[in-house]
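Engineer: Can you read through this structure? Questions will come right after.
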Number of protein chains: 2
Amino acid sequence: MDLTLRSVGVIRSPFTVAVGTPIQPAYARGAAGEVIVADPYVEALDDIEGFERVWLIYWMDRVGAFQPRVTPYRDTRAHGLFATRAPSRPNPIGISAVRLLRREGCVLHVADLDVLDGTPLLDIKPYVPEFDAHPQSRAGWFEEPGEDRRLADDRFHGGRDGGAGGES
Amino acid sequence: MDLTLRSVGVIRSPFTVAVGTPIQPAYARGAAGEVIVADPYVEALDDIEGFERVWLIYWMDRVGAFQPRVTPYRDTRAHGLFATRAPSRPNPIGISAVRLLRREGCVLHVADLDVLDGTPLLDIKPYVPEFDAHPQSRAGWFEEPGEDRRLADDRFHGGRDGGAGGES
């Protein structure tokens, strides 16, 4: 089966390297940027203005190789990768619920952005609380994190110039 | 840039065709299934048991072609595709927050499943309320839906034998 993606746009942000990039939108208050949607997909933005948040689905193009166990930013202990939001995943797909400030044509102005500048966009989905919000859901080791780190370092990006956001 | 995915497992569910499949986990109470993770990725499941919900990220392999405007299941009016959760997306990536019942080796037993049987798995992320839950987020046209449909029909699957879940 062919599992090939197409970029449908690009994410512009203030963050050009992983080090210092917020690891989640929850830790990125005030970080504004733009989502620039490519021509064939602009009509698909109609009516998006009514949503306070949107999910950005993106390709973390500068992250390192998959590791089955990792010590995530929010802990001092190692966990299975699928029990973390670390970016070094088998498929480097990130999801971020960002605040939508306004739309101008092919551009979405967004805030609470935890994504590296130039990251390829794969999809935009409206954030719908009825589907997506489970505020009481038990959250494993995140409930007693070993670290209160909120910005990325270079552990998942091999010291290279970049990294597609902190966690995902 | 090469944007090629690899399947990391498969989702088993009671739903073999799109028609009648719940369009979201919120409408799939009691629908149980299994997530079967392939060998190279099983170690990455360690510590996932502590989470009440996980995000399944998957490839909607039986959905029809991208359409920029669609009339979604929950409305009688057309909207831009990116303002809906309809599955006919430029990249057919679905995200579903399902309940995790238990883990047995390479198998996650899950409930609230809105995914078609045999759907390729791309990623598993823990559901973390601090990152993912925004219960008051304004939800555009979803706040006054024109339809109360909760199960899919075949509008996005061209009458073919299948479809990767209802919405995503």
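Engineer: Are any residues in region B:49-60 at the interface with chain A (Cβ under 8 Å from one of its Cβ atoms), touching a strand residue (DSSP E or B) at 6+ places or on another chain (Cβ under 6 Å) and farther than 12 Å from B:Val98 by Cβ, and if so, which ones?
Structural biologist: Once the filter is applied, which keeps residues that are at the interface with chain A (Cβ under 8 Å from one of its Cβ atoms), touching a strand residue (DSSP E or B) at 6+ places or on another chain (Cβ under 6 Å) and farther than 12 Å from B:Val98 by Cβ, region B:49-60 yields B:Glu49, B:Trp59.
Engineer: Please specify each residue of region B:118-132 satisfying the condition of being buried (at least 22 other Cβ atoms within 10 Å of the Cβ) and at the interface with another protein chain (Cβ under 10 Å from one of its Cβ atoms).
Structural biologist: Matches in region B:118-132: B:Leu121, B:Leu122, B:Asp123, B:Ile124, B:Lys125, B:Pro126, B:Tyr127, B:Val128, B:Phe131, B:Asp132.
Engineer: Name every residue in region B:1-48 that is loosely packed, with under 15 Cβ neighbours inside 10 Å and closer than 29 Å to A:Pro135 by Cβ, in order of residue number.
Structural biologist: Matches in region B:1-48: B:Pro14, B:Arg29, B:Gly30.
Engineer: If you take the residues of region A:135-162 that are in contact with a strand residue (DSSP E or B) (Cβ under 8 Å, 6 or more places away or on another chain) and open to solvent by less than 30 Å² (accessible area, probe 1.4 Å), which of them is nearest to the other protein chains (Cβ to nearest Cβ)?
Structural biologist: A:Gly140
Engineer: If you don't mind, there's one more thing I want to ask. For the condition within 7 Å of chain B (Cβ to nearest Cβ), over 12 Å from the mean Cα position of the chain (by Cα) and open to solvent by less than 10 Å² (accessible area, probe 1.4 Å), what is the one hit in A:Arg89, A:Arg69?
Structural biologist: A:Arg89
Engineer: Now for a different question. Give all pairs with beta carbons closer than 7 Å in which a residue from region A:92-117 that is open to solvent by 10 Å² or more (accessible area, probe 1.4 Å) meets a residue that is hydroxyl-bearing (Ser, Thr, Tyr); count only pairs at least 6 apart in sequence or on separate chains.
Structural biologist: Between residues of region A:92-117 that are open to solvent by 10 Å² or more (accessible area, probe 1.4 Å) and residues that are hydroxyl-bearing (Ser, Thr, Tyr), the close pairs are A:Asp117/A:Ser13; A:Asp117/A:Thr16.
Engineer: Output the residue which, of all residues in region B:105-117 that are touching a helix residue (DSSP H, G or I) at 6+ places or on another chain (Cβ under 8 Å) and over 26 Å from A:Arg53 (Cα atoms), is nearest to the other protein chains (Cβ to nearest Cβ).
Structural biologist: Among those residues, the one meeting the criterion is B:Leu108.
The values are calculated or read from the model by the stated rules, or taken from the named source; none is laboratory data. Being a predicted model, the structure only gives us computed values, none of them experimental. When we count neighbours, we look across all protein chains shown, and the Cβ atoms used for this are built from the backbone with ideal geometry, even at glycine. What goes into the accessible areas is simple: the full protein's heavy atoms, side chains included, and nothing from ligands, DNA or RNA. Shrake-Rupley method; radii C 1.70, N 1.55, O 1.52, S 1.80 Å.
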